[in-house]
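Asks: My questions will all concern the structure given below.
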Amino acid sequence: MLRLGSRTFTDDQMLVMAIVNRTPDSFYDRGATWEEERALDRVHQVVAEGADIVDIGGVKAAPGEEIPVAEEIRRVAGFVAKVRDAYPDIVISVDTWRAEVGREVCQAGADLLNDAWGGYDPALAEVAAEFDVGLVCTHTGGVRPRTRPHRVHYDDVVQSAIRDTVALAERAVALGVDRSRILIDPAHDFGKTTRHSLEVTRRLNEMTATGWPVLVSLSNKDFVGETLDLPVEERLVGTLAATAVCAWHGARVYRVHQVVETRQVLDMVSSIKGLRAPSRAVRGLA
């Protein structure tokens, strides 16, 4: 059982986490939701499309201009409060690695801290415990936030991902984070080459076998682009193929830009696995 905010999700539910960037320079939408009104429009859209979680970020993952803590808080905390007022029951996640930011957004109503940089600030887990919110524990191979991998090497990238994320999850439990509120994430692209990300996808069943719910963030990433030799705006089909593989292997949460297409893939895989009945099944019966 996975508990996020006030909601409880059964083990056979696959959840869509919609990305809302409060940044002027994000790699995919290039600042389309930088202005608050447009960001709120994006929230309204993804909720209407059926997103289970809204993931709000104030700093892009790629290298770039240094964003001070105070500026990140300015970008996200007040916005979280507005989303909470508009949607009392939606699960609100915030993508941050900083404990100071985590504290402010939890006070504003966030339910989940998406620590995309693998416990770089160990105090973030303490904030999750203090506010009884969820935590995403990721594998980055120890790289610093907002840096790109360079000739990174693993003896076994999947075992490294399992070892590090489970250790972070167990540490969080020891600090007081509710076990049912923790997810682990292999973190495609982060601290990885394209071949590493493909291997993690191929062997994702080894991560789901740990018993921890697995989150994957695949949407339009470089490993898709390099695999298919496509620019960022043409990576949807490749993203959905990777999504289907991860769904077959049992991933629980999918952080995405395209909600509708992702939900259709997840529903189809769930029905093939026998976990979801077809919406309509009259062919050959009339």
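Any read-out appearing in this document is the output of simple, stated calculations on the displayed coordinates, not a laboratory observation. From a predicted model like this one, the values you see are computed outputs, not experimental measurements. Every residue, glycine among them, receives a Cβ derived from its backbone with ideal geometry; neighbour counts consider all protein chains shown.
Asks: Between R151 and L285, what is the label-to-label distance in nm when each label sits 7 Å out along the Cα-to-Cβ direction?
Replies: Label-label distance for R151 and L285, simple model: 6.1 nm.
Asks: So what is the relative contact order of the range 12-79, in percent, for Cα pairs below 8 Å that sit 6 or more residues apart?
Replies: So the answer I get is 38 percent.
Asks: Of S217, S197, S160, which is the most mobile in a GNM of the chain whose springs link Cα atoms less than 10 angstrom apart?
Replies: Judging by the Gaussian network model, the answer is S160.
Asks: If you average 1/r over every pair of different alpha-carbon atoms in the range 112-201 and take one over that average, what Kirkwood value in Å do you get?
Replies: Evaluated on the range 112-201, it is 13.1 Å.
Asks: On to the next question. Just from its helices, what would the mean residue ellipticity at 222 nm be for the chain, if runs of 4 or more DSSP H residues each count -39500 (n - 2.57) and the sum is divided by every residue, rounded to the nearest 500 deg cm²/dmol?
Replies: The helix-only estimate for the chain comes to -12500 deg cm²/dmol at 222 nm.
Asks: Only bridges whose two residues both fall in the range 2-272 count here: according to DSSP, what percent of them are antiparallel, nearest 5?
Replies: Of all bridge pairs located within the range 2-272, approximately 10 percent are antiparallel.
Asks: Also, quick follow-up: Using a Gaussian network model of the chain whose springs link C-alpha atoms within less than 10 Å, name the residue from H150, H44, H196 with the highest mean-square fluctuation.
Replies: Highest fluctuation of the listed residues: H150.
Asks: Counting alpha carbon pairs within less than 8 Å and at least 6 residues apart, what relative contact order, in whole percent, applies to the chain?
Replies: 17 percent
Asks: Let me ask another. Using only the alpha carbon atoms of the range 54-132, find the Kirkwood hydrodynamic radius as the inverse mean reciprocal pair distance, in angstroms to one decimal.
Replies: That comes to 12.5 Å for the range 54-132.
Asks: Related question: Excluding residues on the same chain fewer than 8 positions from K192, give the lysines whose Cα lies under 24 Å from its Cα.
Replies: Answer for K192, where 24 Å is the Cα cut-off: K60, K221, listed by chain and number.
Asks: Okay, next question. For the range 108-211, what does the relative contact order come out to in percent, with C-alpha contacts under 8 Å and a separation of six or more?
Replies: 33 percent
Asks: Follow-up. Give the Rg/Rh ratio for the range 1-133, taking Rg as the radius of gyration of the Cα atoms and Rh as the Kirkwood radius, to two decimals.
Replies: 0.94
Asks: Provide, for q = 0.12, 0.15, 0.17 Å⁻¹, the log10 of I(q)/I(0) from a solvent-free Debye sum over equal Cα point scatterers in the range 135-286.
Replies: Debye output, listed in q order: -0.54, -0.81, -1.00.
Asks: In a GNM of the chain with a 10 Å cut-off on Cα contacts, which of A99, A209, A242 has the highest mean-square fluctuation?
Replies: A209
Asks: Write down the Kirkwood hydrodynamic radius of the chain, to one decimal in angstroms, obtained as one divided by the mean of 1/r over all alpha carbon pairs.
Replies: It is 18.9 Å.
Asks: How many angstrom lie between the Cα centre of the range 243-286 and the Cα centre of the range 163-220?
Replies: Here the two parts' Cα centres lie 21 Å apart.
Asks: With labels modelled as points extended 7 Å from the Cα through the Cβ direction, what inter-label distance (nm, one decimal) is found for R7 paired with E37?
Replies: If labels sit at R7 and E37, their model points lie 2.9 nm apart.
Asks: Could you list R7, R280, R235, R203 in order of exposure, starting from the residue whose Cβ has the fewest other Cβ atoms within 10 Å?
Replies: Taking fewest neighbouring Cβ atoms as first place, the list is R280, R7, R203, R235.
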